[in-house]
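The values are calculated or read from the model by the stated rules, or taken from the named source; none is laboratory data. The structure displayed is predicted, hence computed values, not measured ones. When we count neighbours, we look across all protein chains shown, and the Cβ atoms used for this are built from the backbone with ideal geometry, even at glycine.
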Amino acid sequence: MLVDQCARHLMVQLVCAGVMVAVFLFTSTAMLSADEDDEVVARVNGHAITLRSLENQLLREEGAEAVMELVEHQLKNANWDRLSDQTTIVGMGNWRLERQALATHLLQRNGGPVRDELIQIALVEQALREEGIVVGQLLLQAELERMERRFQQELAERGKPQMPFEQYIQQHFRISVEEFVQQPGFRMLAGLHALVLRHSEVSEETLRSFYEEHQQHFGHPEQVRLQVILLDFEVSEEEGGRPFIRSEHRERLRITAASLYRQIQSGDTTFERQWQLWGRLRDQEAAAGGDVGWVGRDGRREQTGARRLPQRLMDEAFKVSAEDMPRLLPLVEYTEGMVIARVNDRRDERIHSFSDMRQATRRAYLEHNMEAYSQRMIDQLRRAADIEYGSLGRIVHERVEAVRRIRDPGLSGDDAPDSDTNNDAAPPADVDEGRFPMPQE
């Protein structure tokens, strides 16, 4: 998808550079000579284990990872615009990796797609200036929330456990969310989607059809607002691998839950305090104090991927009238464990009319179909623009030859293998926002 495509390309300077560094570092032929007077760190039956041998073993086992971490930290803060072609990016022994060699490798591998990304960024930035749209904090935050919703939906569709989006960004791109939203590709997406929301035309018939299909999202059913502490039974495995709950584990949790319930009921402790100690790690989608928001009779929660609440709990919650709230509900046992809950509020069913929700329906429809409308907008901007393509294939070929001559002055142009000239192909990069690369289990 465009999210993933742009995110990958906007990180190419960091990730690809780190990979190149590791490859060049560990294929270098520079060797360190051992010190004959090396200090002994251990002896085994008279056999000396020297400091150098210990260091070499550590380098073999952990050196590559350590170098990658150190180099990546430096490259994240590099000001690439100020580096000359001859600037050394990294060196080891007599070997040096200069900016020109690294940039040439990246041009060969990904020059065409990244050039097209820069063209898209320029097209969107020019359109935003003409419209007087500023990509500020509000647009960036809205784009981040949209991206997070899409990510969580895809996790749920694939049956994978929920994962905080901030954690995914940190692990997958190795930068913070604050850094991520400042990347040019991300800012382009935020601006592009603002253009889509402002200018895309949707027929009245299409909007009405969408409203009727998703009417439940333009109102709410009868709901109660709950705070919940979920306590899970300990699950064991039989010899055949089937899960089961031992009776002693079940009884132990019953006693624990009853004790916590009495403490909350008597006022010896607060619900919020016990949720912090017992419930927070078991239900990470809940807000502070165990607040799970508004929940209907079916126990489904608004948060994507959140645990469904047991039916027995919901039956107890809807027995309480609004005048008697807030109230601590009776302790509930169900198949997976015990639940301590407090019901705080109640609201009746409400469905808004299409006329009242027309603007909200239009926005929801465009958000739901953002990939297709984003592609249309990019296509429109391309058709209206005057785009000239230079011969990137020729440039890469000449650059490769120049780098090879530096490495081997005796290598002639005829002897040099042809470089990949596919970079001259310049069809528009697809704005299809396919799927996120999923985190490894």
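Within 24 Å of residue 362 (Cβ to Cβ) and not charged (D, E, K, R): does that describe residue 177? For residue 177, the condition - within 24 Å of residue 362 (Cβ to Cβ) and not charged (D, E, K, R) - is not met. Just one of the listed residues (212, 178) is surrounded by fewer than 14 Cβ atoms within 10 Å (Cβ to Cβ) and over 30 Å from residue 115 (Cβ atoms), and it is 212.
Starting from residues that are buried (at least 18 other Cβ atoms within 10 Å of the Cβ) and among the charged types (D, E, K, R), keep the ones in the stretch 315-348 and report whichever is farthest from residue 250 (Cα to Cα). Filtering the stretch 315-348 for residues that are buried (at least 18 other Cβ atoms within 10 Å of the Cβ) and among the charged types (D, E, K, R), the one farthest from residue 250 (Cα to Cα) comes out as 346. Within the stretch 288-308, residues that are modelled with pLDDT under 90 sit with their Cβ atoms under 8 Å from residues that are assigned to a loop (DSSP other than H, G, I, E, B) and of a type in the set (S, T, N, Q), at 6+ positions apart or across chains, in these pairs: 304/162; 305/162; 306/162.
Restricting 342, 254 to those that are part of a helix (DSSP H, G or I) and in contact (Cβ under 8 Å) with a residue 60 or more places away in the chain reduces the list to 254. The residues on offer are 207, 138, and the sole one that is loosely packed, with under 13 Cβ neighbours inside 10 Å and in a helix (DSSP H, G or I) is 138. Residue 344 meets the conditions (1) out of contact with any strand residue (DSSP E or B) (no Cβ under 8 Å at 6 or more places or on another chain); (2) under 18 Å from residue 221 (Cβ atoms) in every case but one. The failed one is (1). Looking at 234, 222, 201, just one residue is exposed (fewer than 14 other Cβ atoms within 10 Å of the Cβ), in contact (Cβ under 8 Å) with a residue 12 or more places away in the chain, within 30 Å of residue 355 (Cβ to Cβ) and among the charged types (D, E, K, R), and that residue is 222.
Can you pull out the residues in the stretch 254-276 that are surrounded by 12 or more Cβ atoms within 10 Å (Cβ to Cβ), out of contact with any Phe, Trp or Tyr (no Cβ under 6 Å at 6 or more places or on another chain) and not polar (S, T, N, Q)? Scanning the stretch 254-276 gives 254, 257, 258, 260, 261, 262, 271, 272, 273, 275.
Hey, does the stretch 101-116 have a residue that's closer than 28 Å to residue 368 by Cβ, out of contact with any Leu (no Cβ under 7 Å at 6 or more places or on another chain), in a helix (DSSP H, G or I) and modelled with pLDDT under 85? No; the residues of the stretch 101-116 include none that is closer than 28 Å to residue 368 by Cβ, out of contact with any Leu (no Cβ under 7 Å at 6 or more places or on another chain), in a helix (DSSP H, G or I) and modelled with pLDDT under 85. Restricting the first member to the stretch 362-379 and to residues that are within 23 Å of residue 218 (Cα to Cα) and buried (at least 16 other Cβ atoms within 10 Å of the Cβ), and the second to residues that are polar (S, T, N, Q) and at pLDDT below 95, the beta-carbon pairs closer than 6 Å and six or more apart or on different chains are 366/200; 373/200. Restricting to the stretch 298-339, and then to whatever is basic (Lys, Arg) and part of a helix (DSSP H, G or I), can you tell me which residue is nearest to residue 286 (Cα to Cα)? Out of the qualifying residues, it is 312. Where the second residue is at pLDDT below 85 and among the acidic types (Asp, Glu) and the first is under 29 Å from residue 93 (Cα atoms) and part of a strand (DSSP E or B) and lies in the stretch 33-50, which pairs have Cβ atoms under 8 Å and are six or more apart or on separate chains? From residues that are under 29 Å from residue 93 (Cα atoms) and part of a strand (DSSP E or B), the pairs are 50/38. Evaluating residue 231 against the criteria (1) in contact with a strand residue (DSSP E or B) (Cβ under 9 Å, 6 or more places away or on another chain); (2) assigned to a loop (DSSP other than H, G, I, E, B) leaves one unmet condition, (2). The single condition among (1) part of a helix (DSSP H, G or I); (2) over 19 Å from the mean Cα position of the chain (by Cα); (3) surrounded by 16 or more Cβ atoms within 10 Å (Cβ to Cβ) that residue 133 does not meet is (1).
Look at residue 132 and say whether it is at positive phi and not hydrophobic (A, V, I, L, M, F, W, C). The answer is yes for residue 132.
Filter the stretch 351-394 down to residues that are modelled with pLDDT of 85 or more and β-branched (Val, Ile, Thr) and give me whichever is nearest to residue 191 (Cα to Cα). Out of the qualifying residues, it is 378.
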